[in-house]
Amino acid sequence: MTNITIERTYKASLADVWALWTTKDGFESWWGPEGFRVDVRRLEARPGGELHYAMIADAPQQVEAMKRMGQPVSHETHGTFTELRPRQRLVLTHVIDFLPGVTPYESTIVAEFSEVEDRVRMVVTLHPMHDAAFSRMQVQGFTSQLTKLDRRFSFQS
Amino acid sequence: MHIETFQVLADPVRLHIVDALRAGERSVNDLVDTVDIDQSGVSRHLRILYERGFVDVRPDGQRRLYSLRPEPFHELDAWISGYRNLWEARLDRFGDALRRRQVARAKRHKERKK
């Protein structure tokens, strides 16, 4: 029903931006909500390629929150690069299968890349309605987002 | 944000009805034509939408006219802003990671030149 599109422009090479999505160390360097880190087990950067990683709560508060909700602190997460055109476009589909009582469903993220002079424009499209019913990880992510904003705010003042 | 709001809209027929009502007030018969399921099905979904505060209904002679209420959509809008913020933060981290990567490479180049 409603898609969200977020655009960013980075002063960087297209190769570096692409690497953050499609290499083990690149992906691990940013993926996941605040308070979590990921350990990539397998990342196949090709159409239909597999993505498998552990999402691990590593901030003390996050570990505490997961325990309180009766969730494990680490979750094996599976996805697929359902589409992949090197340095142009990728579609990453995740299987959301960690919600008690919720039938597993797929969550899709589309990322598109283009060069604009010496910069790279990245457009990420999300489908929040589809994800909404559902993901406690997202709820967790949202909570930690507020923490992060607080922190940034105090950093700026 | 109530999960229920999403569950109400997760049903394709109800979503279709809500979409049809975006153009304005509609009668049940009108909705039956648009949504293309039988009247009892449409009525059942309209009752759910009414009970959850998504629609209002008023009589107009023999007909009952349905229209959207703004409240759940405001709530939805607020939730979606939160979702967007979460992803903005992720992409902030993406930008930070990108800079670290560039710095690390510049360092390696420098060391190689020594």
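Provide a whole-number value for the mean count of partner chain Cβ atoms within 10 Å of the Cβ atoms in peptide B:95-105.
The mean count of partner-chain Cβ atoms within 10 Å per residue comes to 5.
Can you give the log10 of the normalised intensity I(q)/I(0) at q = 0.23 Å⁻¹, computed with Debye over equal Cα scatterers of chain B? At q = 0.23 Å⁻¹ the computed log10 ratios are -1.22.
Give, as a single signed number, the net charge of other residues whose beta carbon lies under 13 Å from the beta carbon of A:ALA12, with Lys and Arg counted +1 and Asp and Glu -1.
On the way: positive: A:ARG8, A:LYS11, A:ARG87, A:ARG119, A:ARG121, B:ARG99, B:ARG100, B:ARG101, B:ARG105; negative: A:ASP16, A:GLU115, A:GLU117, A:ASP118, B:ASP96.
Net of charged neighbours comes to +4.
Each Lys and Arg contributes +1 and each Asp and Glu -1, all at the Cβ; summed about the Cα centre of chain B, the dipole is approximately 1920 debye. Across chain B, C-alpha contacts under 8 Å between residues 6 or more apart give a mean separation that, scaled by the residue count, equals a relative contact order of 23 percent.
Could you tell me what a quarter of the Cα convex hull surface of region A:1-111 works out to, in nm² with one decimal place? Walk me through the intermediate numbers first.
Details: hull surface 32.7 nm².
Over every viewing direction, the Cα hull of region A:1-111 projects on average to 8.2 nm².
In chain B, with Lys and Arg counted as +1 and Asp and Glu as -1 at Cβ, which of these residues, B:GLY82, B:GLY41, B:ASN29, has the Cα nearest the positive end of the dipole, that is, farthest along it? So the residue furthest toward the plus end is B:GLY82.
All of the numbers you see were taken from the coordinates with simple rules; none came from a lab. Being a predicted model, the structure only gives us computed values, none of them experimental. When we count neighbours, we look across all protein chains shown, and the Cβ atoms used for this are built from the backbone with ideal geometry, even at glycine.
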